[in-house]
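Enquirer: After the structure tokens below, expect a handful of questions from me.
Derivation of every value follows stated rules applied to the coordinates shown; laboratory data play no part. The shown structure was predicted, so the numbers you read here are calculated from the model rather than taken from an experiment. All Cβ positions, even for glycine, are placed from backbone atoms using ideal geometry, and neighbour counts span all protein chains on display.
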Amino acid sequence: MNNRLSRRDVLKGGAVVAGAIAAASVFPSAIIAAPPKESAAKAKVFFTKEISAASLVKIYEKIDASLTGRIAVKLHTGEPNGPNIIPRDMVKALMAKIPNGAIVESNVLYSSPRQNTEGHRQTLKTNGWTFCPVDILDEDGDVNLPIPGGKRLKQVAIGKNILNYDSILALTHFKGHAMGGFGGSLKNIAIGCASGKVGKAQLHREGANQWAGGPNFMERMVEGGKALTGHFGTHAAYINVLRSMSVDCDCVGVSAAKPTAPDIGILASTDILAIDKASVDMVYALPEKQRRDLVERIESRSGLRQLEYMKIMGMGHDDYEIVEI
């Protein structure tokens, strides 16, 4: 079976998404009222064009049923004064609805104040993440989580504090990425939860090359994500915020390229493949001039391999329906 996802496939998916959202703007039932037999096998991806604290809370309430016990909210909190991270007021409003939750992060592998816990905590203060608990997962070491069906890795080192949580919510700023092509929910949990000294090196290293990219890196990153989805099972949910979509990750900080794509909205799902596929489709659905830079970044880094390999690894569905709220 051919699992390669072509540019034509993604452009076609983007056109379908654009048409569905446009129809829903005039006929709100256009997205929701699919024939039951056809929609039963599709993953639901909730969508709102409004990017605000209120809309973030509203869309979270569509996917929170499976999140029980202590909830790890995986957020990229950014380098000092990062310009594109999810606004604090939005996150603060959401965390107020998750009284048993904490923002979780892990230390980083690249040169940064966040490379160690002390510098990481200072950066959290600088960026204003002081209104709720923030747990640096690898502050006290690692735990090896198995990767069911892993081809490149059999286990990955995650910050051991992950064991203190019953559920995970990936709250993701969707954007481009220098190595991944794009950073969605998959990258947020895979790279973001891997421990700084061990896990991130496992995912980034290929042979002697510490920063090897391309399709093989995408597969290692997906396998790292599979360790988390396997660990939490059905107690996982995902939110992608499509705003300030620079071609650069929030790990670049103040030197990130200015976004050239417009803000699109917020997506939420309990299916990690569906939400990242829908996010990519929405980028491809933009007019050519607006999507050009992000698409070039995605394709030049073999970013679409993330979606292909998530499907191969059984991590969700690439067939989805958009439910606008």
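Enquirer: How high is the relative contact order of the chain, given as a whole-number percent (alpha carbon pairs under 8 Å, six or more residues apart)?
Expert: Working: 716 pairs, mean separation 89.2, N = 325.
Averaging sequence separation for qualifying contacts and normalising by length gives 27 percent for the chain.
Enquirer: List Y110, Y284 from most exposed to least, where exposure is judged by having the fewest other Cβ atoms within 10 Å. Present the calculation step by step, with values, prior to reporting the outcome.
Expert: Details: Y110 14, Y284 22.
By the 10 Å Cβ count, ascending: Y110, Y284.
Enquirer: So how tilted is helix 117-126 from the main axis of the chain? Cα-based, degrees 0 to 90, rounded to 10.
Expert: Once rounded, the angle reads 50 degrees.
Enquirer: Turning to a different aspect of this structure: With an 8 Å cut-off on Cα pairs and a minimum separation of 6 or more residues, tell me the relative contact order of the range 111-225 in percent. Display every interim value, and only then the final one.
Expert: Values: 147 pairs, mean separation 25.7, N = 115.
It comes to 22 percent, rounded to a whole number.
Enquirer: Reachable lysines from K154, Cα under 26 Å, same-chain residues fewer than 8 places away excluded?
Expert: K74, K187, K197, K200, K226, K277, K311
Enquirer: Starting from the amide H of Y320, placed 1.01 Å from N in the peptide plane, find each other amide H under 5 Å away whose residue is 5 or more places distant or on another chain.
Expert: A43
Enquirer: 7 Å from Cα along Cα→Cβ at both T130 and A201: what's the point-to-point distance in nm?
Expert: 3.4 nm
Enquirer: Further question: Hey, can you grab everything whose amide H is under 5 Å from the amide H of G196? Only 5+ residues off in sequence or another chain; H modelled, so Pro and N-termini drop out.
Expert: Placed amide hydrogens put N107 under 5 Å from G196.
Enquirer: Right, another one. Hey, what number do you get for the chain at 222 nm if only DSSP H runs of n ≥ 4 count, each worth -39500 (n - 2.57), divided across all residues, to the nearest 500?
Expert: Values: 12 runs with 122 residues, N = 325.
Rounded to the nearest 500, it is -11000 deg cm²/dmol.
Enquirer: Given the options F232, F46, F174, state which has the largest fluctuation in a GNM of the chain using a 10 Å cut-off (strictly under) for Cα springs.
Expert: For the chain, modelled as a Gaussian network with Cα springs under 10 Å, the answer is F232.
Enquirer: Cut-off is 10 Å between beta-carbons; in what order do T270, T126 appear when sorted fewest neighbours first?
Expert: Values: T270 22, T126 16.
Ordered by Cβ neighbours within 10 Å, fewest first: T126, T270.
Enquirer: Could you list H317, H173, H120 in order of exposure, starting from the residue whose Cβ has the fewest other Cβ atoms within 10 Å? Please report the intermediate quantities before stating the final value.
Expert: Values: H317 19, H173 25, H120 22.
Ranking H317, H173, H120 by Cβ neighbours within 10 Å, fewest first, gives H317, H120, H173.
Enquirer: Cut-off 10 angstrom, C-alpha nodes, Gaussian network model of the chain. Which of I168, I51, I272 fluctuates the most?
Expert: I51
Enquirer: List the aspartates and glutamates whose Cα sits under 14 Å from the Cα of K258, skipping any in the same chain fewer than 8 residues away.
Expert: Output for K258: D248, D250, D293.
Enquirer: With θ set to phi - 60° and the Karplus curve 6.51 cos²θ - 1.76 cosθ + 1.60, what are the ³J(HN,Hα) couplings of the range 136-144 in order, to the nearest whole Hz, using x for Gly and Pro?
Expert: For the range 136-144, the Karplus curve yields 7, 4, 9, 4, 10, x, 10, 9, 8 Hz.
Enquirer: For R70, which sequence-distant residues (separation of 5 or more, or a different chain) have an amide H within less than 5 Å of its own amide H, given hydrogens modelled in the peptide plane?
Expert: It is D166, S167, by chain and number.
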